[in-house]
Amino acid sequence: MYGRGILKGLGVTIKHFIDTYIDDLRYGLNKYSKFEDNFTQRQSHEARGAFTIQYPDEKMAMPERFRFTPFLVVNDDDHPDAPGQDWCTSCGICAKVCPPQCIWIVRGQDPVTKRPIPEPEAFYIDIDICMNCGFCAEFCPFDAIKMDHDYEMASYDRTTTHIHDKNRLQKPFTYWRSIAPQITVEEAEARGGWEHVDVIKAKEKAAKEAAKKAAAAEPAKPATADVIPTGEQAAQGESLKTDTVDSAANVAALNRAEASTPDTPASDPDAEKAARLAKREAALARKHAKKEGGES
């Protein structure tokens, strides 16, 4: 209140103004003459005074997370299997999530079957419309599109220079590793390797199939051969046979004892049925006798 914020701001400005002259005296006449020796120190936390860069002779180092126009990642020219192969599969996710809609993709087709193939035939980005948000790189499921650090792209020809085609957008994987070494390590750990996601999955699948074939090709274990028992083993076998015979004899004796035991009347279903019929006939006879006595 009462102008304190203005006074604090002016104090910071005056401090930088004074530190600038002190820094000039410290470097002497070599502050801007030796760019390579003094530039790193002047751009570090030890710098004092005005933070001036003599552009274009001096350029600040861009951090790895710096975003400018996108580019497409392709295999290096010395790749053993697919040199220069596109990582892009023309899935179209980047074009769908792009807020200003500055990406156009033409999906490739097989020349014989005319079926779509996972490779873009044409890829265009209008850098004048691009807002450098990085959504295309963030949503790409194959790590095929990245944000470049090249910001010196001004020209007077918009129609041919500012609309980047596939050939201009393609850059090798080693270029991406050179401008973002830490990020490439994190992405490789997430993918499980330095290759394309589909290549890593194909190698894992091939390794599993090879392991299955190797397991199926292993010879079966031979059956255990009959071993002639030694004296002690034979004695154990004879005792086992004797115990088995005795047990069988005991079971047979129990069966004979059960067979010889007479059944109780209550457990015989025929006897119970006959008793019920006799009671019923007796009750009917008493009923008939009582009826005849009443009629007489």
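Readers should treat all values here as calculations from the given coordinates under stated rules, not as data from a laboratory. Keep in mind that what you see is a predicted model, and the values were worked out from it rather than measured. Positions of Cβ are backbone-derived with ideal geometry, glycine not excepted, and every protein chain shown enters the neighbour counts.
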For region 83-127, which residues satisfy the criterion of being β-branched (V, I, T) and assigned to a helix (DSSP H, G or I)?
I93, V97
Within region 130-165, the residues that are free of Cβ contacts under 8 Å to residues at least 60 places away in the same chain, closer than 24 Å to T89 by Cβ and not charged (D, E, K, R) are F135, F139, C140, P141, F142, I163
